[in-house]
Amino acid sequence: MNSSISERIVTIRSSLPTSVKLIAVSKQVSAEAIRSAYNAGIRDFGESRIQEAASKQAELQDLPDITWHFIGHLQGNKAKKAIEQFPWIHSVDNLKLAQRLDQLAQQLGVSPQVCLQVKILPDPSKSGWSVPELLADLPTLNQYKSLQIQGLMTIPPSGLKDSEILSVFNRNRELAKEIQEQNWSHIKMQHLSMGMSGDYKLAVQAGATMVRLGTILFGDRY
Ligand SMILES: *Cc1c(COP(=O)(O)O)cnc(C)c1O
């Protein structure tokens, strides 16, 4: 790609409704490239590895108004660091992890914003709750008062047609609505974190409030 990061950001930003938060996924991207995206107006960055993020966060300490979002699979032994480094965690993918994060958050006196990762369709390659598992765990999740549960995150299985991807995203929105209508005191469903470079237009069509874009902003990392 020969257009600059800032040009790509302007183009994509202008194609998104203003209500949709653009999270620039900066995994495997240098601190310098993050700085370019920041200078083009991005304030939300997504990382999927605690260690890799830590060194970039240290280099970018002079940019205090960045909000860091953790979007990768989180191992229990990294939970404390995740809470310390990230005000948002999109990838809370099982009850045990949620419980651990809640306990740590309480001890640290913080209130991380989290999304629950759900698998709308079965997908052995990903972690996350199945829909029935999630519904069954809601009463327990509602007791985790240090976690600010804000919504659902989903990634469709790979290899689906656009119409199938769209229906996964639509089903995720409907699931969030169903949960919201159960009126839990400590589970909010205001956010839908869905949409990556290949499918964010479908996600926005289905009501995403946060899209997580890497390749389309920073170019091919792989
Ligand atoms: C890498 C990653 C993204 C960004 O993917 P692109 O296809 O590069 O836009 C979004 N969400 C998660 C969870 C990721 O791991």
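Secondary-structure-derived ellipticity at 222 nm for the chain, considering helices only, amounts to -12000 deg cm²/dmol, per-run term -39500 (n - 2.57) for DSSP H runs with n ≥ 4. Label separation (HIS186 vs SER111): 1.2 nm, computed from points 7 Å beyond Cα along the C-beta direction. Of all beta bridges that DSSP places with both ends in the chain, some 0 percent have antiparallel geometry. Pairs spanning more than 18 Å between alpha-carbon atoms, out of LYS81/LYS188; LYS80/LYS188; LYS119/LYS177; LYS27/LYS188: LYS81/LYS188; LYS80/LYS188; LYS27/LYS188. Rolling a 1.4 angstrom probe over the protein heavy atoms with all chains in place gives the range 5-218 an accessible area of 46 Å² per residue. Leaving out ligands, DNA and RNA, and with a 1.4 Å probe, what % of the accessible surface on the range 5-218 is carbon or sulfur? Here it works out to 48 percent.
Taking 20 °C and 1.002 mPa s as the conditions, I'd like the Stokes-Einstein D for the chain in µm²/s, using the Kirkwood hydrodynamic radius from alpha carbon pairs. The calculation lands on 121 µm²/s. Under a 5 Å amide H cut-off, with hydrogens placed 1.01 Å from N, TRP129 pairs with GLN117, VAL118, LYS119 among residues at least 5 apart or on other chains. Put a dot 7 Å past the Cα of LEU121, heading toward its Cβ, do the same for SER6, and the two dots end up 4.1 nm apart.
In vacuo Debye scattering of the range 100-155, one point per C-alpha: log10 I(q)/I(0) at q = 0.31 Å⁻¹? Here the Debye-derived log intensity ratios amount to -1.21.
With θ set to phi - 60° and the Karplus curve 6.51 cos²θ - 1.76 cosθ + 1.60, what are the ³J(HN,Hα) couplings of the range 52-59 in order, to the nearest whole Hz, using x for Gly and Pro? Ordered by residue, 3J(HN,Hα) equals 4, 5, 4, 5, 5, 4, 5, 5 Hz.
For GLU174 and LEU138, the difference between the fully extended length at 0.36 nm per residue and the C-alpha to C-alpha distance is 11.4 nm.
Here the Karplus relation 6.51 cos²θ - 1.76 cosθ + 1.60, evaluated at θ = phi - 60°, turns the backbone of the range 144-149 into coupling constants of 8, 7, 8, 6, 9, 6 Hz, with x for every Gly and Pro.
The values are calculated or read from the model by the stated rules, or taken from the named source; none is laboratory data. All of these numbers come straight from a predicted model, not from anything done at the bench. Don't worry about glycine lacking a Cβ; one is built from the backbone with ideal geometry, like all the others, and counts go over all protein chains shown. For the accessible areas, the whole protein counts, side chains as well, though only heavy atoms, and no ligand, DNA or RNA atoms are used. Shrake-Rupley method; radii C 1.70, N 1.55, O 1.52, S 1.80 Å.
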